[in-house]
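Peer 1: One structure follows; several queries about it will come next.
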Amino acid sequence: MRPRVRGAGGFDRRALLCAGAALGLGALAPVRAASEPIHLRDALGRDVVLPAPAQRIVTIFSSNTELVAALGLMDRIVGVEEYTRFPPEVAGLPKVGGRLGFSVDAVVAQRPDLVIVTPARQAANQLVDPMERIGVPVMVLLSRGLDEVMANVRQVALAAGVGARGAALVQLLQRRLAAVDARVAGRPAPRALMITGRMGNGMLLVARPGTYTNEAMLRAGARHA
């Protein structure tokens, strides 16, 4: 079955969240004592140290929100950016900024113990330094390919103290990818255009080389129009 790639989510978003439920993620206990610091390295090579597993997470960019939710941690998300629309549960969450910029005050008001950002929309430039100065751990994630997406799943799971969930979810997603590869092998590749977003001036964003959306489209058996 070909994954239905929608927007910035890479895989079919609902299927990704259902994957967590199918694994019984809620029954898995954290793999690390709450008192033991967690040491990680993010996409910019920064050392990220959490004194305990993250319980209050602000996610900047929709793909980061979906990643946390896919790990069964939707209840730990306390703030998102204005343009995040999925999962539907984010609708009632506090908004901390959007395309016009991000508010440090709005982020701090949510009392986060982890902020997850991406360089897109200047989030990393506007939030990393202020959060570091006040002692809030910030993790910068990049998603330039599906392998990097899988690494991000593991990274966020470790930050939340649920490393086993991340490993299990990655294994399930890799099996799905292998099934897709087998399904499309030898078939003609249809010409496709994947639209991943729309800017405020109406211009459309499309999947391009060097992105996980591009790789997902090619893995699904399509080629660029």
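Peer 1: From the list Gly202, Gly186, Gly210, pick out the single residue that is closer than 19 Å to Thr118 by Cα and small (Gly, Ala, Ser).
Peer 2: Gly210
Peer 1: Here is a follow-up. Can we say Arg133 is surrounded by fewer than 21 Cβ atoms within 10 Å (Cβ to Cβ), touching a Gly at 6+ places or on another chain (Cβ under 9 Å) and free of Cβ contacts under 8 Å to residues at least 60 places away in the same chain?
Peer 2: no
Peer 1: Does Asp181 fit the bill of being closer than 25 Å to Leu114 by Cα, without any contact (Cβ under 8 Å) to a residue 60 or more places away in the chain and surrounded by fewer than 17 Cβ atoms within 10 Å (Cβ to Cβ)?
Peer 2: Details: closer than 25 Å to Leu114 by Cα: no; without any contact (Cβ under 8 Å) to a residue 60 or more places away in the chain: yes; surrounded by fewer than 17 Cβ atoms within 10 Å (Cβ to Cβ): yes.
In short, no.
Peer 1: Right, something else. So which residues in segment 185-206 are open to solvent by less than 80 Å² (accessible area, probe 1.4 Å), touching a residue at least 24 places away in the same chain (Cβ under 8 Å) and within 21 Å of Gly221 (Cα to Cα)?
Peer 2: Listed by number, the residues that qualify are Ala189, Pro190, Ala192, Met194, Thr196.
Peer 1: Also, I was wondering about something else. Name every residue in segment 68-82 that is within 19 Å of Thr118 (Cα to Cα) and loosely packed, with under 14 Cβ neighbours inside 10 Å, in order of residue number.
Peer 2: Once the filter is applied, which keeps residues that are within 19 Å of Thr118 (Cα to Cα) and loosely packed, with under 14 Cβ neighbours inside 10 Å, segment 68-82 yields only Glu82.
Peer 1: Among the listed residues Val149, Val138, which satisfies the condition of being among the β-branched types (Val, Ile, Thr) and out of contact with any Phe, Trp or Tyr (no Cβ under 7 Å at 6 or more places or on another chain)?
Peer 2: Selected residue: Val138, the only one of Val149, Val138 that is among the β-branched types (Val, Ile, Thr) and out of contact with any Phe, Trp or Tyr (no Cβ under 7 Å at 6 or more places or on another chain).
Condition check ((1) at pLDDT below 95; (2) more than 22 Å from Ala123 (Cα to Cα); (3) within 17 Å of the chain's Cα centre (by Cα)) across all residues:
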site	(1), (2), (3)
Ala43	yes, no, yes
Val49	no, no, no
Arg56	no, no, yes
Phe61	yes, no, yes
Val68	no, no, yes
Met74	no, no, yes
Pro87	yes, no, yes
Ser103	yes, no, no
Gln110	no, no, no
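Peer 1: Here is a list: Val104, Val90. Which entry is of a type in the set (A, V, I, L, M), over 19 Å from Asn152 (Cβ atoms), surrounded by fewer than 24 Cβ atoms within 10 Å (Cβ to Cβ) and in contact with a helix residue (DSSP H, G or I) (Cβ under 9 Å, 6 or more places away or on another chain)?
Peer 2: Every option except Val104 fails the conditions.
Matching residues to (1) out of contact with any Ser or Thr (no Cβ under 9 Å at 6 or more places or on another chain); (2) modelled with pLDDT of 95 or more; (3) on the phi > 0 side of the Ramachandran plot:
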{"position": "Leu142", "(1), (2), (3)": "no, no, no"}
{"position": "Met150", "(1), (2), (3)": "yes, yes, no"}
{"position": "Gly161", "(1), (2), (3)": "yes, yes, yes"}
{"position": "Arg175", "(1), (2), (3)": "yes, yes, no"}
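Peer 1: Oh, and also: If a residue has to be in contact with a helix residue (DSSP H, G or I) (Cβ under 8 Å, 6 or more places away or on another chain) and either in a helix (DSSP H, G or I) or modelled with pLDDT of 95 or more (or both) to count, how many in segment 21-41 make the cut?
Peer 2: 4
Peer 1: Let me ask something additional. Assess whether Ala168 counts as being open to solvent by 40 Å² or more (accessible area, probe 1.4 Å) and over 23 Å from Thr84 (Cα atoms).
Peer 2: No: the conditions fail for Ala168.
Peer 1: Got a number for residues in segment 109-130 being crowded, with 17+ Cβ neighbours inside 10 Å and either more than 20 Å from Tyr212 (Cβ to Cβ) or of a type outside the set (A, V, I, L, M) (or both)?
Peer 2: Number of matching residues: 10.
The values are calculated or read from the model by the stated rules, or taken from the named source; none is laboratory data. Keep in mind that what you see is a predicted model, and the values were worked out from it rather than measured. Here the Cβ is made from the backbone with ideal geometry for all residues, glycine too, and neighbour counts use every protein chain on show. The accessibility values were calculated without ligands, DNA or RNA, using every heavy atom of the protein model including side chains. Shrake-Rupley method; radii C 1.70, N 1.55, O 1.52, S 1.80 Å.
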